[in-house]
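Visitor: One structure follows; several queries about it will come next.
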Amino acid sequence: CCPVYLGGSSSAYGIGTNISKRTCDQLRCTACDFRVSLFNDYIWDQSCDYLFFRNNMPELSKLRAKMIKKKGARAYACQCSWRSIGELTDLQTDQQLRWVCGKH
């Protein structure tokens with residue numbers, strides 16, 4: 001993917017390009033070396049913190065405790081970072097995230 005896009009649940013998955021703006025579903029974190037999980041129609045609760053994800057990734061049953069249903073959104077998380085996204089966003093706009101396309 002180049003550029004890499006994140007997006008809400010209405011955004012299609014696939015290889016993202018400038019012409020075909022699709023959200024990457026093969027994200028990997030270069031900081032914690034974890035695959036980035038994504039959950040359609042959910043956002044993360046504001047009380048989420050680093051230790052929550054460090055201790056609970058990738059177990060969905062434990063993560064559900066801090067997931068809030070929101071139609072059209074998509075919750076992303078690895079073991080060290082998390083985001084709730086509602087619309088198509090270029091990953092480069094968020095300098096704190098260390099996520100890259102893990103290759104399709």
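Visitor: Test L51 against the criterion of being hydrophobic (A, V, I, L, M, F, W, C), open to solvent by 70 Å² or more (accessible area, probe 1.4 Å) and not in a loop (DSSP other than H, G, I, E, B), and give yes or no.
Guide: Yes.
Visitor: How many residues does the stretch 20-43 contain that are assigned to a strand (DSSP E or B) and either among the aliphatic types (A, V, I, L, M) or open to solvent by less than 70 Å² (accessible area, probe 1.4 Å) (or both)?
Guide: Within the stretch 20-43, residues that are assigned to a strand (DSSP E or B) and either among the aliphatic types (A, V, I, L, M) or open to solvent by less than 70 Å² (accessible area, probe 1.4 Å) (or both) number 10.
Visitor: Please state which one of R28, R64, R35 is out of contact with any helix residue (DSSP H, G or I) (no Cβ under 7 Å at 6 or more places or on another chain), of a type in the set (D, E, K, R) and free of Cβ contacts under 8 Å to residues at least 40 places away in the same chain.
Guide: Criteria check complete, one pass: R64.
Visitor: Going by what's in this entry, would Q46 be described as open to solvent by 30 Å² or more (accessible area, probe 1.4 Å) and within 18 Å of V4 (Cα to Cα)?
Guide: Answer is no for this residue.
Visitor: Is the stretch 72-86 home to any residue that is open to solvent by 70 Å² or more (accessible area, probe 1.4 Å) and over 13 Å from the mean Cα position of the chain (by Cα)?
Guide: Looking for residues that are open to solvent by 70 Å² or more (accessible area, probe 1.4 Å) and over 13 Å from the mean Cα position of the chain (by Cα), one finds none in the stretch 72-86, hence no.
Visitor: Further question: Could you say whether any residue in the stretch 91-98 is free of Cβ contacts under 8 Å to residues at least 60 places away in the same chain and in a helix (DSSP H, G or I)?
Guide: yes
Visitor: Would you pick out the residues in the stretch 2-19 that are open to solvent by less than 40 Å² (accessible area, probe 1.4 Å) and in a loop (DSSP other than H, G, I, E, B)?
Guide: Listed by number, the residues that qualify are P3, V4, G7, G8, S9, S11, G14, G16.
The values are calculated or read from the model by the stated rules, or taken from the named source; none is laboratory data. The shown structure was predicted, so the numbers you read here are calculated from the model rather than taken from an experiment. Positions of Cβ are generated from backbone atoms using ideal geometry, with glycine treated the same way; all protein chains shown enter the neighbour counts. In case anyone asks, the SASA skips ligands and DNA or RNA and just uses the protein heavy atoms, side chains included. Shrake-Rupley method; radii C 1.70, N 1.55, O 1.52, S 1.80 Å.
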